[in-house]
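Below: one structure, written as structure tokens.
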């Protein structure tokens, strides 16, 4: 897309809009034999590597609101959340396709800017767009990205593999995105550093691809996933796949400073936002207790990102969050797509 605006989607039509998309593509890597323009893209296979494939959809007024997010931020997040899934497997991103549904009276400049966000995120993290689809909707904008990636078979990490006695670790800090969402819901707009940090975390998440690669190359992690829905939802999923339980020590959870700074203003508990908020896109992984220092050092050396041990895998089932005095901490209720 050219970014020159000029009319609505209905006035321009599908072919003109696709032509605008194609002008943003630029030069594709040698692994792409055919990019946009044919009925399908064609990619050269990479011997000795596994192909990864993921997809994530964003629906207006569920995953984003146009009143809160710039179009570029919508595009960035749609791409970044897919790259976080590739990171969770220890992989590197490759080719992406994007399907976009939008109403005919939407200004073409809006979709131009969404596409620019998609391309910026892809370019920054080594992915590339090779095609997609554009259709009309009856109101809501829907952005659906599918992304390929690759990983050496011996380095691939899964949710399955955690064993009793192992450490539970996370990269970075949690809760900033939830604090940013709470601030948007309550109309905060003072431009303070902590607010800007939280809003950026919510609108433009940074997939932990380099961190994931360092973890995979250390060859000590036993299971891994990304924190898209929040620690309280995602850790039980890892445990279910591994057939284990978990105990998390609440005082060890790294709460983002922006979350701590904003908690009183948004009238939310900072620790609860870190546990239940979601959309942090940090990495959650397990490894033997004796390997914690080695893995943390490998990640810090490559990226500077801290790694924190927050708990331990236990035999049996269930996940418990424990306060310093030994009492249980109950996570707040979380968002569900299919619950009113």
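The values are calculated or read from the model by the stated rules, or taken from the named source; none is laboratory data. None of the values given here were measured: they were computed from a predicted structure. Here Cβ is always computed from backbone atoms with ideal geometry, including for glycine, and neighbour counts include all displayed protein chains.
Quick notes on this structure:
- Set 310, 253: member being farther than 20 Å from residue 164 by Cβ and in contact with a helix residue (DSSP H, G or I) (Cβ under 6 Å, 6 or more places away or on another chain): 253
- Matching residues in the range 128-147 - criterion: being under 20 Å from the mean Cα position of the chain (by Cα) and modelled with pLDDT under 95: 128, 129
- Selection from the range 232-265 of residues that are in a helix (DSSP H, G or I) and over 30 Å from residue 189 (Cβ atoms): 234, 235, 236, 237, 238, 239, 240, 241, 242, 250, 251, 252
- Scope the range 182-202; condition surrounded by fewer than 23 Cβ atoms within 10 Å (Cβ to Cβ) and outside any loop (DSSP other than H, G, I, E, B); matching residues: 182, 184, 185, 193, 194, 195, 196, 197, 200
- Residue satisfying all of: in the range 81-93; surrounded by fewer than 24 Cβ atoms within 10 Å (Cβ to Cβ) and in contact with a helix residue (DSSP H, G or I) (Cβ under 9 Å, 6 or more places away or on another chain); farthest from residue 215 (Cα to Cα) among these: 92
- Restricting 132, 149 to those that are crowded, with 18+ Cβ neighbours inside 10 Å and touching a helix residue (DSSP H, G or I) at 6+ places or on another chain (Cβ under 6 Å) reduces the list to 149.
- Checked against the criterion of being touching a helix residue (DSSP H, G or I) at 6+ places or on another chain (Cβ under 8 Å) and over 18 Å from residue 295 (Cβ atoms), the candidates 140, 127 yield just one match: 127.
- Residue match in the range 136-144 (condition: surrounded by 24 or more Cβ atoms within 10 Å (Cβ to Cβ) and either farther than 24 Å from residue 199 by Cβ or not assigned by TED's automatic domain parsing to the domain that holds residue 229 (or both)): yes
- Flag if residue 104 is in a loop (DSSP other than H, G, I, E, B) and either surrounded by fewer than 23 Cβ atoms within 10 Å (Cβ to Cβ) or at pLDDT below 95 (or both): yes
- Considering only residues in the range 240-290 that are over 26 Å from residue 210 (Cα atoms) and touching a strand residue (DSSP E or B) at 6+ places or on another chain (Cβ under 8 Å), the one that is surrounded by the fewest Cβ atoms within 10 Å (Cβ to Cβ) turns out to be 247.
- Residue check for residue 216: buried (at least 22 other Cβ atoms within 10 Å of the Cβ) and touching a helix residue (DSSP H, G or I) at 6+ places or on another chain (Cβ under 6 Å): yes
- Flag if residue 130 is in the same structural domain as residue 75 (by TED's automatic domain parsing), under 24 Å from residue 63 (Cα atoms), in contact with a strand residue (DSSP E or B) (Cβ under 9 Å, 6 or more places away or on another chain) and in a strand (DSSP E or B): no
- Of the residues making up the range 296-325, those that are surrounded by fewer than 23 Cβ atoms within 10 Å (Cβ to Cβ) and part of a helix (DSSP H, G or I) number 7.
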